[in-house]
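Take a look at the structure below.
The values are calculated or read from the model by the stated rules, or taken from the named source; none is laboratory data. Please read these numbers as outputs of a predicted model, since none were measured by experiment. Every residue, glycine among them, receives a Cβ derived from its backbone with ideal geometry; neighbour counts consider all protein chains shown.
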Amino acid sequence: MSSATINGRSQILPTDPDALLVDVLRDTLQLKGTKLVCGAGVCGACTVLLDGVPVCSCLLPVRAAAGKSITTVEGIGAQKLHPVQKAFMALDALQCGFCTPGFIVEATAFHDRWRQEQASRGGAGAPSREAIGAAMSGHLCRCSAYDNIFRAIGDACAGRYDSDLETSPRVEARDKVTGAARYTVDIQHDGQLEGLILRSPHAHARVTALDLAHALAMPGVKAAVSLLEKDSEVRFVGQQIAAVAAVDRKTASTALAVIGVVYEQLPSVIGVKAAVADGAPLVYTGKSSPPNGSEGPVAPSRWRGNVRGPSDAFSHKKKKAKTWIADARATNNPLLFEGTFRTAVQQHTALEPHAAVARFDGEQLTVHVSTQAVFELRGKIAKHFKLDVENVRVVAEHIGGGFGSKAALGAETTVAIQLAQMAKAPVRVAFNRHEELSVAGYRPAAEIRVALLPDAKGSLKALSMRSFGDSGVAVNSTISGLARLIYPAEAKELIDFDVVNNLPPGAPFRGPGGPPMAFALEQAIDEAALRLKVDPIQLRKRWDTYPNRRRLYDWAASLECWRSISTPEMQTGRYRRGVGVAAGYWLYLWQLGSKVELSVRNGRLVASTAVQDIG
Ligand code: FES
Ligand code: FES
């Protein structure tokens, strides 16, 4: 029997030779401040001090910790906050906070070492950005709080946070820098089971038989459910087939392996080019409804093979736009710009995976979910499971990033509830990093064809944008429609198509459709500025009539980097530098169901609302 000193206390270590330190800390000792993200030594979220040296606990077999001293984030500043913790709080060097414990552990070690070395040399001051960067190079922050992280570590090393003062613009900052903040993946009820999902190895297949009996008969397995669609078809690698709940992850994983599935493979089509080719296999032939790859309702639309559309509700005098552009093309009008732009998919990969913990207490269902739509989800869960909404409670105390992909009622939630219903016990479903990167969503890729026509006086006469969204099996990739915003034109033809193919579904991603649209349109405007021989900022100001943004254009034009923009003669040699301008924009929406409760407690105004900070 071996032991280690963990946060100053002697602890007996498990004898399992495969046990990893991160699992023992989190699951056995309930030290949930140490986070598990990549499990591969890449992100640094699981960092702890082993005899004072930062290590990734996801790579360290627990037996390697025998006889050593381990410090987790809970052991740092337990009595009094460390200067690094105070600096992170004061300078808001965090957002969702899921990466923060790992950063804090590493940064405190760096801080203590650096100050010791400085003291021995009689030096002072702050370390260079390069030195901080080198020390933190094993850490990732998906919310990109890097700038403030650099500042916080530098200022702490310079001694600016040595006093007892604790301040922060963020109410939950202290919990996040000490590891006390509880995320969905940290929830642990008594008797809680672990749920895992069996996924399709085929891009397109029909499941002709599914046998859960062997899995259900295994010791430790408490529930097994089919997750097949009504038509029993799977349309992408990774689509869910079935799920089990067991006493631990290892047992659940073994149970998945004994589920019997018989597949009849069907022809599949991967990628937009293949999906629009003559005779391409069809992704949807029956009545299955495709998932929604964007935000907002999926309006009815025409289908031709694997192409859905056109959706053109945001057009304005589209026939005129089409005619004017066709005429300009026919007459070789030099002001007409036409171009095709392509954008790739973009992964959300929030550090906290999609996760849910479902628990029934009689009729009452409590679901902890890593969601960015806590209030809406309550209604969706009640509807999906035909429950009284009053009996459903959704909790999302802290969310380790969402970026749009955690807005819907996802499989992690429905599966956790289904398994909890069957097992009559709380169940947690948390995606692993592989699932997170493959089936949890991405910003759809797109091909965007733009035609932009100014008139002879330099006004915006016509714009045509035709977008083909690649959202795998999902639809509703609205890109062109957003070009209705900010630059009015006499006429706009804005058309969106979805091209479905046998890849996992895309999901809403920060300003869905906005960045690909702006990427294409803003470059077209630059090209127009070149042809009209007008300064690109001034052209935007001319075309955009909104007063606040016009003030923004003036501000941008006054910047030194714009005023001293390189002249062509400076642009020689192998490396050239340029300064560009582009606008990014999206809709803002009122959520009419939003409610805020205001009260005065102990002389302080308290605003309460069912909303969550998602990083
Ligand atoms: Fe261990 Fe990422 S480095 S979880
Ligand atoms: Fe770093 Fe969210 S604050 S990942």
Inset, instruction - Kindly list, by first and then second residue, each pair from a residue in the stretch 368-386 that is at pLDDT below 95 to a residue that is charged (D, E, K, R), limited to pairs with Cβ atoms under 6 Å and residues at least 6 apart or on different chains. - result: 372/406
Legend entry - Cβ pairs under 8 Å, 6+ apart, first in the stretch 79-105 and over 10 Å from residue 148 (Cα atoms) and within 16 Å of ligand 1 (Cβ to nearest atom), second aromatic (Phe, Trp, Tyr) and part of a helix (DSSP H, G or I): 100/88; 103/88; 104/88
Inset, instruction - Could you list, in sequence order, all residues of the stretch 106-159 that are among the β-branched types (Val, Ile, Thr) and touching a residue at least 60 places away in the same chain (Cβ under 8 Å)? - result: 149, 153
Inset, instruction - Sort out which residues of the stretch 299-323 are crowded, with 18+ Cβ neighbours inside 10 Å, assigned to a loop (DSSP other than H, G, I, E, B) and of a type in the set (A, V, I, L, M, F, W, C), and write them in order of number. - result: 314
Inset, instruction - Please tell me if residue 27 is within 27 Å of the chain's Cα centre (by Cα), away from ligand 2 (no atom under 16 Å from the Cβ), surrounded by fewer than 20 Cβ atoms within 10 Å (Cβ to Cβ) and not small (Gly, Ala, Ser). - result: yes
Legend entry - The lone exception for residue 141 - which of (1) surrounded by 19 or more Cβ atoms within 10 Å (Cβ to Cβ); (2) assigned to a helix (DSSP H, G or I); (3) of a type outside the set (Val, Ile, Thr); (4) within 16 Å of ligand 1 (Cβ to nearest atom) it fails: (2)
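Rundown of residues vs (1) touching a helix residue (DSSP H, G or I) at 6+ places or on another chain (Cβ under 9 Å); (2) under 23 Å from residue 168 (Cβ atoms); (3) more than 16 Å from ligand 2 (Cβ to nearest atom); (4) of a type in the set (A, V, I, L, M), yes/no style:
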residue	(1), (2), (3), (4)
69	no, no, yes, no
78	yes, yes, yes, yes
87	yes, yes, no, yes
96	yes, yes, no, no
104	yes, yes, no, yes
110	yes, yes, yes, no
138	yes, no, no, no
143	no, yes, no, no
Inset, instruction - Test residue 471 against the criterion of being crowded, with 21+ Cβ neighbours inside 10 Å and more than 16 Å from residue 451 (Cβ to Cβ), and give yes or no. - result: yes
Legend entry - Identity of the residue in the stretch 145-182, surrounded by 23 or more Cβ atoms within 10 Å (Cβ to Cβ) and within 26 Å of residue 366 (Cβ to Cβ), that ends up farthest from ligand 2 (Cβ to nearest atom): 179
Inset, instruction - All but one of (1) touching a strand residue (DSSP E or B) at 6+ places or on another chain (Cβ under 7 Å); (2) closer than 28 Å to residue 424 by Cβ hold for residue 234, so report the exception by its number. - result: (2)
Inset, instruction - Tell me, please, whether a residue that is in a helix (DSSP H, G or I) and among the acidic types (Asp, Glu) can be found in the stretch 488-505. - result: no
Inset, instruction - Out of the residues in the stretch 434-482 that are touching a residue at least 24 places away in the same chain (Cβ under 8 Å), of a type outside the set (A, V, I, L, M, F, W, C) and assigned to a helix (DSSP H, G or I), state the one that is farthest from residue 328 (Cα to Cα). - result: 435
Inset, instruction - Those residues that are within 16 Å of residue 357 (Cα to Cα) and surrounded by fewer than 24 Cβ atoms within 10 Å (Cβ to Cβ), I need them from the stretch 397-407; list them, please. - result: 397, 398
Inset, instruction - Would you confirm whether any residue within the stretch 176-187 is assigned to a loop (DSSP other than H, G, I, E, B) and farther than 29 Å from residue 368 by Cα? - result: no
